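Coordinate-derived values only; no laboratory data. Computed from a predicted model, the values in this text were never measured in an experiment. Neighbour counts are summed over all protein chains in view; Cβ atoms, including those assigned to glycine, are modelled from backbone coordinates with ideal geometry.
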Amino acid sequence: MSHSPSEFGPLTYISRGYGYSEKGSVLEIFEPLSDSPQILIMGSIHGDESLSTILLSDCLRSIQDHELKSSIILAANPDGVLAGTRCNSRGVDLNRNYPTDNWSPDPVYYRNRPGTPQNIALSPGDVAASESETKALIKLIQDIKPKLIVSIHGFLGCIDDPDASPIAKDIVLRSGLELVPDVGYATPGSFGSWCKEQAIPIITYELPSLDITEMKRIHIPILKDLITGHYHKMLL
Ligand SMILES: [Zn+2]
């Protein structure tokens, strides 16, 4: 199925289910029609950062189907997006549920607004990889073997790439965001830590706090280039 670039309404691209959430929602991935995907780009592992889903959907709906060259997960935590929560339906921060060397059973604390105490507790899961969303994503990545993963979060306003890769540096140039080797605090059991242990390059793309018009103006062209293959030549 193809659509003209002027059709920005419905999301017509056909997805594939790669599993189910704890609440039974289908976990969806949008894959290129022909080329084997080299970049996996994903949004909303934190359901309260669903602007990432909106931006990726906008990109996907503004290209011809054959132009898609990367794989896209619009929402790695669909139930969190629907509920407006950082965690999944079982209260687990999926970004602390990965089986890494440093996974910890301790609760993870976050703050909801700048300037407030970091005292809202979430579970990292009873054990590492306890959640179906986590297990499904691990299996998917082992199957499709991306050369690069870009995980979109908000709203620290930085590009986190411990390798300081050429792609990350180009995104930094275009976005004006700062390049950092980590987000500045420990993230036991995070998806990024898991990717590093699997030797899968990962860029954590922390959107800034911007009004939506500016956000789209600056970041949609970059995200669109990530999904249409512009960056493939820069992959190692
Ligand atoms: Zn996040």
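Can you work out the Karplus-derived ³J(HN,Hα) for every residue in the range 156-163? Use 6.51 cos²θ - 1.76 cosθ + 1.60 with θ = phi - 60°, whole Hz, and x for glycine or proline.
7, x, 7, 10, 9, 8, x, 8
If I take R0 = 35 Å and measure r between the Cβ atoms of D126 and L179 in this structure, what FRET efficiency does the formula 1/(1 + (r/R0)^6) give, to the nearest 0.05?
0.45
If you build the Cα gyration tensor of the range 129-236 and take the root of 5 times each eigenvalue, what three semi-axes come out, in whole angstrom, biggest first?
The equivalent ellipsoid of the range 129-236 has semi-axes of 23, 17, 14 Å.
Just the number: Rg to Rh for the range 16-234, Cα atoms, Kirkwood Rh, two decimals.
0.93
Can you tell which of S25, S151, S89 shows the greatest fluctuation in a Gaussian network model of the chain with Cα springs below 10 Å?
Result for the chain, Cα springs under 10 Å: S25 fluctuates most.
Counting only residues 5 or more places away or on other chains, whose amide H sits under 5 Å from the amide H of T100 once H atoms are built in the peptide plane?
Long-range HN contacts for T100: G189.
Please work out whether the range 45-151 counts as rounded, prolate or oblate from its C-alpha gyration tensor, where a ≥ b ≥ c are the square roots of the eigenvalues and a/c under 1.5 means rounded, while otherwise a/b larger than b/c means prolate and anything else oblate?
oblate
Defining a contact as two alpha carbons under 8 Å apart and six or more residues distant in sequence, what relative contact order in percent does the chain show?
Taking the mean separation of contacting Cα pairs over the length of the chain, I get 22 percent.
Read phi for every residue in the range 212-227 and hand back ³J(HN,Hα) as whole Hz from Karplus 6.51 cos²θ - 1.76 cosθ + 1.60, θ = phi - 60°, with x for Gly and Pro.
Per-residue couplings from phi come out as 4, 5, 5, 4, 5, 4, 7, 9, 5, x, 5, 5, 5, 5, 5, 8 Hz.
Evaluate the charge dipole of the range 16-234 about its Cα centre and quote only its size in Debye, nearest 20, assuming +1 on the Cβ of each Lys and Arg and -1 on the Cβ of each Asp and Glu.
220 debye
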